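Worksheet: one structure, shown below.
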Amino acid sequence: MKQIGIQDESSDSRAPVTAAVISADPAFRDALTTILASREIGIRLAVEIDSPLTEIADPELDELRRANPGIVFLDLEENPHVGLKFAEFLVESSISSALIGAGASASPELLLSAMQAGVSEFLTKPVTHEAVVSAIERIWRKKGKKLDLTRRTPGQLLVVFGAKGGSGSTTMCANLAVELHRLTRKKVLLLDLDLELGETALLYGVEPQFSVVDLMRNFHRVDTGLLASYIERHESGVELLSAPFEPADFEAVSGDRVRRVLEFLKQHYDYIVVDAPKTFNPATTAAFREADEIYLLVTADLPSIRNLTRSLPLLRNLRGRKALEDWLRLVVNRFEPDLEIPISDIERTLSMKVYGTLRNDYSAVMTSINHGRPVVTDGKSAYAKDIRSLAAQITGVPVEKPSKSFIKGLFGSFRSNGRSPGAAPLDVGAPTESRVIADE
Ligand SMILES: Nc1ncnc2c1ncn2[C@@H]1O[C@H](COP(=O)(O)OP(=O)(O)O)[C@@H](O)[C@H]1O
Ligand SMILES: [Mg+2]
């Protein structure tokens with residue numbers, strides 16, 4: 001993983017710069033954590049002091065001294081007067097080589113006093129990535145250091161959700177991640193959020209030492225290096241952040257923590273494929289909220305379609321009722337040409353178009369599981385071909401031997417298959433929204 005970290009030349013020339021934040025405002029601390037951890041900045045937030053300025057005492061000051069941060073972000077909003085005194089103290093005691101103040105607004109008087117107290121830059125809340133980058137750039141320019149700030153767009157978060165156990169979500173995630181990487185050569189992470197029964201490691205034939213729960217637990221001190229130590233690299237080039245081997249205690253897994261971790265990961269990967277569990281727990285709902293796309297995996301049977309029907313209102317609620325088609329993509333797994341419930345019926349019942357299909361391919365999938373090797377490793381099977389088409393559709397990168405016509409062919413056969421387009425939707429007991437939520 002390439003890190004464009006800044007080197008602090010004032011001390012050990014190879015020591016990367018760290019930062020500290022002193023703020024009782026959780027939103028400010030959160031935003032900074034994410035921004036500083038981004039790939040183009042890559043500064044580790046070594047100390048977070050969340051007590052009000054008036055309560056900062058020796059233990060906090062000792063922690064600051066030990067960390068010797070290159071930059072201190074000091075929140076002046078709550079108490080500018082005490083904040084500026086504290087800034088003076090930090091400068092005089094050489095605790096930090098650069099001081100960045102922050103507040104809701106900056107009056108000319110405050111800016112002047114801040115400058116006199118030794119504050120080099122001032123950030124207006126809510127802080128943006130650009131503002132932090134510019135502030136650090138200016139500080140480094142003054143100090144004659146260089147900051148390589150190649151802009152990077154955040155990665156795409158693709159969440160796969162099978163409404164029913166056995167829908168094939170783990171199989172799809174493990175294979176899709178490999179194909180996304182093979183097709184684009186970009187950085188792809190497979191993230192197992194099925195924290196109780198995650199099986200992605202099994203499908204990759206690896207036994208990771210660490211899991212995503214370790215990352216969440218230590219998120220307050222995570223940087224690119226620590227992230228790398230939690231990751232398992234698969235021979236395909238995909239990186240895996242697995243579920244714990246044994247169901248762990250999930251205290252660290254609050255929705256908010258998951259959101260922060262996902263934001264952080266988006267800064268480090270181009271594609272993140274998330275295997276979501278079948279439950280709407282805080283981790284899954286955070287992933288659904290953050291997702292760029294949610295792939296709903298359904299099999300052509302009533303329980304699967306019914307479960308998905310019941311989940312849709314909740315998904316809609318989570319996303320503030322944005323047009324569904326923007327981010328929800330329906331994939332039919334275990335597709336066969338003579339399905340008892342044809343695609344047209346599934347589409348009508350769910351009021352969604354099918355985005356892709358994965359054929360029923362028992363022998364290829366079973367061989368893959370038994371060998372701990374993704375199905376797509378041997379690209380000839382029907383399942384592998386369908387995953388490849390799906391990856392091409394998602395990325396817009398064509399596969400070498402275009403197989404889109406193949407998918408189209410399949411769609412042709414769906415249409416001519418089974419019930420007429422005007423047939424009534426399947427009776428899956430589609431509930432009203434309030435009933436669904438009460439069900440959960
Ligand atoms: N397209 C497919 N063809 C044949 N078997 C499949 C297919 N997709 C998944 N399976 C099998 O179905 C079972 C459940 O798949 P899995 O990916 O574990 O589902 P989930 O994670 O949604 O519970 C596994 O035994 C898997 O090998
Ligand atoms: Mg699974």
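Every number in this text was worked out from the coordinates using simple rules, so none of it is lab data. Note that the coordinates shown come from a computational prediction; the quantities given were computed from them, not determined experimentally. Because the Cβ atoms are built from the backbone with ideal geometry, glycine has one as well, and the counts that use them run over all protein chains shown.
For segment 93-107, the residues whose amide N sits under 19 Å from a probe point set 7 Å from the Cα of residue 61 along the beta carbon direction are 93-99. Annotation: amide H-H contacts under 5 Å for residue 274 (H modelled 1.01 Å from N, sequence separation of 5 or more, or interchain): 158, 159, 160, 191. Site pair residue 82 and residue 351 shows an inter-label distance of 5.4 nm when each label is modelled 7 Å from Cα along Cα→Cβ.
How large is the charge dipole for segment 268-315, taken about the Cα centre, if only the Cβ atoms of Lys, Arg (+1) and Asp, Glu (-1) carry charge, to the nearest 20 debye? Dipole size: approximately 340 debye.
One chain, two ends: residue 367 and residue 30. Fully extended at 0.36 nm per residue, the span grows by 116.9 nm beyond their Cα-Cα distance. Highest mean first, the peptides 234-241, 270-277, 174-181 sorted by other C-beta atoms within 10 Å per residue fall in the order 174-181, 270-277, 234-241.
The alpha carbon radius of gyration of segment 18-142, expressed as a multiple of 2.2 N^0.38 Å, is 0.94. By other beta-carbon atoms within 10 Å, ranking 139, 41 with the fewest at the front produces 139, 41. The distance from the alpha carbon centre of segment 48-88 to that of segment 252-323 is 38 Å, rounded to a whole number.
Counting neighbouring Cβ atoms within 10 Å and putting the fewest first, the residues 345, 62 line up as 62, 345. Charged side chains reduced to their Cβ positions (Lys and Arg at +1, Asp and Glu at -1) give segment 157-229 a dipole of some 360 debye around its Cα centre. In segment 287-372, what GluC sites (Glu not before Pro) fall in a loop by DSSP, with at most 16 other Cβ atoms inside 10 Å? Those satisfying the criteria are 340.
Residue order for 355, 269, fewest other beta carbons within 10 angstrom first, comes to 355, 269.
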